[in-house]
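What follows is a single structure, written as structure tokens, with notes after it.
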Amino acid sequence: MAVTLIEIYKKLYDYFGPQHWWPAQTPFEVMVGAILTQNTNWSNVEKAIQNLKRKKLLSAKKLYRLPEKKLAALIRSAGYYNIKANRLKNFLDFFIKKYKGDIRKLSKGNTRVFREALLSVKGIGAETADSILLYALNKPIFVVDAYTKRILARHKIVSPDAGYAEVQGIFMQNLKKDQKLFNEYHALLVKLGKEFCLKNKPKCGLCPLK
């Protein structure tokens with residue numbers, strides 16, 4: 001399995017090159033983006049984040065003090081804005097009260113313990129929690145999304161109904177636990193999923209993994 005995963009990575013890297021993901025200026029921006037990107041595309045999230053930047057509100061303490069309705073209006077482009085404003089507020093409440101809004105305190109903590117704490121926050125699922133850990137805190141944990149599951153299922157590596165933990169375990173157990181590798185690998189799978197391994201009309205004949 002390890003050989004297969006490495007071969008997939010090399011083919012994708014040779015074809016697409018480095019992805020420079022996650023596109024953000026600060027770890028906190030990554031955290032906000034990870035919550036806003038649920039059930040929408042990244043271009044919509046970028047618009048919402050730019051709104052927050054224009055208003056000079058993209059900091060944990062400023063967003064924590066901002067009324068939820070005002071926050072919802074500012075992130076409207078991200079879709080499901082009322083729900084996402086509530087989820088952001090839940091996260092900010094956790095981040096401010098438990099860690100005083102200090103990224104350094106998160107980075108120094110135990111990854112497993114912090115992951116469990118994140119998952120206890122209403123609205124934070126496994127993919128969002130792991131995105132925060134990998135991309136904001138540089139922890140070596142593999143992020144699984146719909147693209148990852150679809151690609152692995154179509155290559156008969158997992159069953160179509162495989163769960164998050166099972167798919168994540170394939171990468172975590174067979175590859176070196178390296179943050180940079182996991183970062184690049186996940187970004188390359190997303191790129192493949194968007195351009196070739198489409199949900200309804202996959203371009204199998206042109207796929208770099210054919």
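The numbers here are math on the coordinates, done by the rules we state, and not lab data. Fair warning: this is a prediction, and the values are worked out from it, not measured in the lab. So basically every Cβ, Gly included, is an ideal-geometry build from the backbone, and we count neighbours across all protein chains shown.
What's the Kirkwood radius of the chain in Å, using all Cα pairs? Working shown, then result.
Numbers: mean 1/r = 0.0556 Å⁻¹.
For the chain, inverting the mean 1/r across all distinct Cα pairs yields 18.0 Å.
Calculate the dipole size of segment 27-136 relative to its Cα centre from +1 charges on Lys and Arg beta carbons and -1 charges on Asp and Glu beta carbons; express the result in debye to the nearest 20. If you can, show how the numbers build up before the last one.
Working: 23 positive and 8 negative charges, 126 e Å.
Approximately 600 debye in magnitude.
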The pairs in LYS62/LYS201; LYS47/LYS122; LYS139/LYS194 lying past 32 Å Cα-Cα in this model are LYS62/LYS201
Measuring from centroid to centroid over Cα atoms, what is the spacing of segment 1-60 and segment 86-126 in Å?
19 Å
Peptide ranges 191-204, 27-40 listed from the most packed, as the mean C-beta count within 10 angstrom indicates
27-40, 191-204
Kyte-Doolittle cut-off -0.5, length cut-off 15 Å along the helix's own axis using Cα: show which whole DSSP H helices in the chain pass.
2-16, 164-174, 179-195
Between ASN82 and LYS156, the two model label points (7 Å from Cα along the beta-carbon direction) sit apart by a distance in nm of 4.9 nm
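Based on the alpha carbons, how large is the Rg to Rh ratio for segment 27-136 when Rh follows Kirkwood?
Ratio of gyration radius to Kirkwood radius for segment 27-136: 0.93.
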Roughly how many debye, to the nearest 20, is the charge dipole of the chain about its Cα centre, given +1 on each Lys and Arg Cβ, -1 on each Asp and Glu Cβ, and no other charges?
840 debye
Name all residues of segment 170-195 having a backbone nitrogen under 12 Å from the label point set 7 Å from the Cα of PHE94 along its Cα→Cβ direction, giving them as ranges.
none
Please report SER43, SER159 as a ranked list, fewest other C-beta atoms within 10 angstrom at the top and most at the bottom.
SER43, SER159
Run the simple label-point estimate for LYS70 and ASN39 please: 7 Å along Cα→C-beta, distance reported in nm.
2.6 nm
